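Student: Let me begin by handing over the structure; questions about it come next.
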Amino acid sequence: MMRTAATELRERMAAGIKTSSATPTSIQEMRRTLAQLDDVMVALSRRLGRTTLGIAGEAAEVAATNVFDYMQDASVQFGGAPLGLRESAMLSRAVSGTEASVLRRLAATQDQTTEIMEDPDAAEVSPRMMADGGVLSRYSIETIGVFEDVLRRGMLTQKPWGDVRQELIDNSPFLQGAPRYWAERIVRTETMGAYNRAGWETIRAADDELGDMVKILCATFDNRTGWDSYQVHGQIRRPDEAFEWAGGFYQHPPNRPNDREVVLPHRLSWDIPSNLSWRSDAEVVAAWQRDKRKGSPPARPTMTTVDLSAPRKG
């Protein structure tokens, strides 16, 4: 994104030179500032990549263990006896699946790939496979948009470069010293992603053994819970079916930065716990209004692809 922004800015600067609306000094300062921004973001991305890989492995082990324990407790509650699952196989699948998922995101930046990927077989995770464009870019689109808008206005209005630079700083928490905030938000979100990826892989491994697994979305409810979490809480899918929300489809949370939903395992022979019951339309509307949204919330997505009215087998 920075390269794209730099290219557009160079084109605008060329036009400024041609029309004598930009001085050589201002053009040099613009190029220097863009280069500095690029260096900061690339360096941050590399550090975050290494941090994310390390934390992802720990999160995967915790998630696999939690899913296994949850399934054993639920089996005793609903079936009267613990399950004879291969815990080590579930853990192995969870960890390997999580690592592959993180590497796919990191692979979107080539120099990260050469530093982080030690397994040559992992080279198959091409940047073209990554719709989100890397571990950092998903969280920076809005800021880049601000940069570009400020620069465009500055060129069009022939604003002094010192004023343009100050406006960039005023409009960017990143430039005001928020890289730590950005990093914390990214690592929190990536850790939730690793945890839920591992949980999903563990559910898939359990389904290979049991054949009747589903996954259920579970939201955290407090004064920070978004309206859409009210809408999707309790959504039920087969292990390889995607969940659905107003923004699209996803196999497991998070579906956006700071998303705190988790994916829980469940067998078709078990009853649905009350804490996973779907929230009412009235609760969704109340959360929508609390978030100061206008109009009405989008239609609720399909809540289950499984026929819950069918007789359950013990």
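The values are calculated or read from the model by the stated rules, or taken from the named source; none is laboratory data. Note that the coordinates shown come from a computational prediction; the quantities given were computed from them, not determined experimentally. Counting neighbours? That spans all protein chains shown, and the Cβs are built from the backbone with ideal geometry, glycine included.
Student: Please tell me if Thr305 is within 24 Å of Glu99 (Cβ to Cβ), among the hydroxyl-bearing types (Ser, Thr, Tyr) and touching a residue at least 60 places away in the same chain (Cβ under 8 Å).
Tutor: Against the criterion (within 24 Å of Glu99 (Cβ to Cβ), among the hydroxyl-bearing types (Ser, Thr, Tyr) and touching a residue at least 60 places away in the same chain (Cβ under 8 Å)), Thr305 does not qualify.
Student: Listed residues Asp170, Asp222, Asp163; which is surrounded by fewer than 21 Cβ atoms within 10 Å (Cβ to Cβ) and modelled with pLDDT of 90 or more?
Tutor: Result: Asp222 is the single residue among Asp170, Asp222, Asp163 that is surrounded by fewer than 21 Cβ atoms within 10 Å (Cβ to Cβ) and modelled with pLDDT of 90 or more.
Student: Please find, within segment 225-239, the residue that is surrounded by the fewest Cβ atoms within 10 Å (Cβ to Cβ) out of those that are at pLDDT 95 or above and among the charged types (D, E, K, R).
Tutor: Arg238
Student: Would you please name the residue that is farthest from Val262 (Cα to Cα), looking only at residues in segment 51-106 that are of a type in the set (Phe, Trp, Tyr) and touching a strand residue (DSSP E or B) at 6+ places or on another chain (Cβ under 8 Å)?
Tutor: Restricting to residues being of a type in the set (Phe, Trp, Tyr) and touching a strand residue (DSSP E or B) at 6+ places or on another chain (Cβ under 8 Å), the top hit is Phe78.
Student: Can you tell me which residue is farthest from Ala287 (Cα to Cα) among those in segment 209-246 that are in contact with a helix residue (DSSP H, G or I) (Cβ under 9 Å, 6 or more places away or on another chain) and among the charged types (D, E, K, R)?
Tutor: Glu209
Student: Looking at segment 50-78, which of its residues are more than 17 Å from Val214 (Cβ to Cβ) and among the aliphatic types (A, V, I, L, M)?
Tutor: Leu53, Ile55, Ala56, Ala59, Ala60, Val62, Ala63, Ala64, Val76
Student: Kindly establish whether Pro311 is part of a loop (DSSP other than H, G, I, E, B), in contact with a helix residue (DSSP H, G or I) (Cβ under 6 Å, 6 or more places away or on another chain) and either modelled with pLDDT of 90 or more or not aromatic (Phe, Trp, Tyr) (or both).
Tutor: Criteria not met by Pro311.
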